[in-house]
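To start, the structure itself, in structure tokens.
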Amino acid sequence: MNDLLFELPLPDHFALGACLEYMNRSPLECLFRSDAEGVERLFIVEGQAVLIRLTMPADRPQRLRAALLYGSLPGEAGLAWLARYIVEWFDLDRDLAPFYKLAAEDELLGPLLQANDGLRIIGIPDLFEALCWAILGQQVNLAFAYRLKERLTAKYGQSLEWQGHTYYSFPEPEVFHEVSMEELCALQLTRNKARTVLEVAHLIAAGALSREELLALPSPAAAEQRLLQIRGIGPWTSQYVRMRCLRDATSFPAGDVGLQNAVKFLTGMDRKPTPAELVEMSARWRGWEAYATFYLWRALY
DNA sequence: TTCCAGGCTTAAC
DNA sequence: GTTAAGCATGGA
């Protein structure tokens, strides 16, 4: 089966190849499977497992093609949901021209722009997944964060075997209703991570927290404040979620150690810049701080 | 063994 | 409001 589902028009300054290079950065990623030409992901659409592959068709290079590898054809609403997810995933609605104009003149970003031409911030459209990924990534190295996500996903998510590979979808928050801290700690989550994941799962499952609600707040800063009210969610996590889920291009995780290391490496400083120094530096990227961050991260891999 | 990793909370100033 | 210490875990 390889049915065309739909094709999405692509904006300027988009290159699937550059996005895939980012997505291929870790072999430990469990929520999609990517290669040099495309990416495959398992979705649960209207309760049905649907395995999708995204590519750029050679005959229509300005389009992103979604093909159905396995599962039943979703209905109209399901297809619209999928298309919206993909737009959010690759940030296709954004006009990147202003960022490219600004970054081309920038000492640090200029070279990164060329090396990653057409890269967009790869989003995490689902709020629960985004929060969990940020929580799991707090204060641990990325390899370990990927292992934690894989364990959480394998234990509580849905999966599909197809052509010798196992595809996973991230667990729904409702699944954690009866899950205990001890159960999550057995997966090597610290108590703080376990407690925060459960708290977030309960809030979302109860309807007390949602992406729509956060986006409806008067400002991204208000959304950040709402997230900060949750115990276990600090500045880094809320800024990270603003950046990768809420799609706020001005979010700037100045406390991020990866960002600090990238700037140290690119500037040749003999120490990591402080968060205050990074904030000061980010003035020249105003309006595009999140994109600057995402491109700077690329200097590390 | 020590230090670091895409931090957070709490307590003290 | 700012800073310091404690926390917990794997990787190099």
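The values are calculated or read from the model by the stated rules, or taken from the named source; none is laboratory data. Because the structure is a prediction, the values reported are computed rather than measured. No Cβ is skipped: glycine too gets one built from the backbone with ideal geometry, and neighbour counts run over all protein chains shown.
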* To do: Looking only at region A:34-48, decide whether some residue is buried (at least 16 other Cβ atoms within 10 Å of the Cβ), assigned to a loop (DSSP other than H, G, I, E, B) and not assigned by TED's automatic domain parsing to the domain that holds A:Thr166.
  => no
* Check region A:236-252 and report whether any residue there is farther than 17 Å from A:Ile121 by Cα, touching a Ser or Thr at 6+ places or on another chain (Cβ under 7 Å) and assigned by TED's automatic domain parsing to the domain that holds A:Leu136. => no
* Of the conditions (1) exposed (fewer than 15 other Cβ atoms within 10 Å of the Cβ); (2) touching a residue at least 60 places away in the same chain (Cβ under 8 Å); (3) within 25 Å of A:Tyr146 (Cα to Cα), A:Leu4 clears all except one; give me its number. => (3)
* Does at least one position in region A:186-209 carry a residue that is more than 16 Å from DNA strand B (Cβ to nearest atom), out of contact with any helix residue (DSSP H, G or I) (no Cβ under 7 Å at 6 or more places or on another chain), of a type in the set (Asp, Glu) and part of a helix (DSSP H, G or I)? -> no
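Each row is one residue, and each column tells you yes or no for (1) free of Cβ contacts under 8 Å to residues at least 12 places away in the same chain; (2) surrounded by 15 or more Cβ atoms within 10 Å (Cβ to Cβ); (3) not in a helix (DSSP H, G or I).
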{"position": "A:Leu246", "(1), (2), (3)": "no, yes, yes"}
{"position": "A:Phe265", "(1), (2), (3)": "no, no, no"}
{"position": "A:Met269", "(1), (2), (3)": "yes, no, yes"}
{"position": "A:Thr293", "(1), (2), (3)": "no, yes, no"}
* Asked: Which condition number does A:Trp236 fail, the rest of (1) part of a helix (DSSP H, G or I); (2) away from DNA strand B (no atom under 14 Å from the Cβ) being met?
  -> (2)
* Asked: Among the numbered criteria (1) over 21 Å from the mean Cα position of the chain (by Cα); (2) within 16 Å of DNA strand C (Cβ to nearest atom); (3) within 17 Å of A:Phe43 (Cα to Cα), which single criterion is violated by A:Leu187?
  -> (3)
* To do: Kindly check whether there is at least one residue in region A:268-280 that is in contact with a helix residue (DSSP H, G or I) (Cβ under 6 Å, 6 or more places away or on another chain) and of a type in the set (Gly, Ala, Ser).
  => no
* To do: For residues that are within 16 Å of DNA strand B (Cβ to nearest atom) and among the aromatic types (Phe, Trp, Tyr), scanning just region A:146-185, find the one that is surrounded by the fewest Cβ atoms within 10 Å (Cβ to Cβ).
  => A:Tyr146
* To do: Select the helices (runs of 4 or more DSSP H) contained entirely in region A:64-172, then report the ones holding at least 1 residues which are among the hydroxyl-bearing types (Ser, Thr, Tyr).
  => A:76-90, A:97-104, A:142-156
